[in-house]
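What follows is a set of notes on a single structure, which appears directly below.
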Amino acid sequence: MMQCDLPRLAKHYSVPLVMNDRVVEIMFNTGTLSTMRFLTALQQKQPDAVEPVSRQLFYRLFSSHQDVAQPDSLRAAAEAAGLSADVTAAALTDMLSDEVKSRLKSVTDEAVKLGAFGSPTFIVHTEDGRQEMVFGSDRFHIIGDLLGVEYKGPLKHLAKL
């Protein structure tokens, strides 16, 4: 089912997602722990860098089927996202620290405690102070309802392919 659904979602959201055996190998055998640690290190010191670097990592994995876990791959994604060599080097060093490892573990434990069971899981903080967990990329309209804003669907003209 996922093999049919992902191409439909890619078309709907205008994202360059192409599954193949390399993607499965990277995601489930190589793993992405180092990737998550790198993004956690960026989040701690350069929070505005997380989205563009995540986007580049997505393109590497799902469009060109390149590695996203090795230091050279993380460096290439950061460079493509416009990060300086110094910021990237600092994140590559920091990702090995106990502080970053503890932060990632803490965030992961919190997600599990809240009931997260897959990706994408969103915790929506409503204006009245509630936390609502929403699962799935097909639930953006529900997130809009919870936040009291209109969801206008994918804005394909804004997609950066």
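Numbers at a glance
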| read-out | value |
| --- | --- |
| Rounded to the nearest 10 Å², the accessible area of LEU61 at probe 1.4 Å | 20 |
| DSSP H segments from the chain that extend 15 Å or more along their own axis, Cα-based, with Kyte-Doolittle mean of 0.0 or above | 33-45, 50-62 |
| Cβ charges +1 (Lys, Arg) and -1 (Asp, Glu), total dipole of segment 105-160, debye | 320 |
| Heavy atoms of GLU150 accessible to a 1.4 Å probe, total area in Å² rounded to 10 | 140 |
| Share of carbon and sulfur in the accessible heavy-atom surface of segment 105-160 [1.4 Å probe, %] | 56 |
| Dipole of segment 1-121, positive direction: furthest Cα of GLY118, LEU9, ALA77, with charges on the beta-carbon | LEU9 |
| Probe 1.4 Å, protein heavy atoms only - accessible area per residue of the chain in square angstrom | 65 |
| Inter-part distance where segment 1-72 and segment 76-131 are each reduced to a Cα centre, Å | 14 |
| Linear extension gain, LEU17 paired with VAL107, 0.36 nm per residue minus alpha-carbon span | 29.7 nm |
| Nitroxide proxy distance, nm - points 7 Å out along Cα→Cβ at SER97 and ASP128 | 4.1 |
| ILE142 accessible area, assembled protein chains, probe 1.4 Å, Å² | 60 |
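The values are calculated or read from the model by the stated rules, or taken from the named source; none is laboratory data. Bear in mind that the values here come from a model prediction, so they are computed numbers and not experimental data. Neighbour counts are summed over all protein chains in view; Cβ atoms, including those assigned to glycine, are modelled from backbone coordinates with ideal geometry. Accessible surface areas use protein heavy atoms only, side chains included; no ligands, DNA or RNA. Shrake-Rupley method; radii C 1.70, N 1.55, O 1.52, S 1.80 Å.
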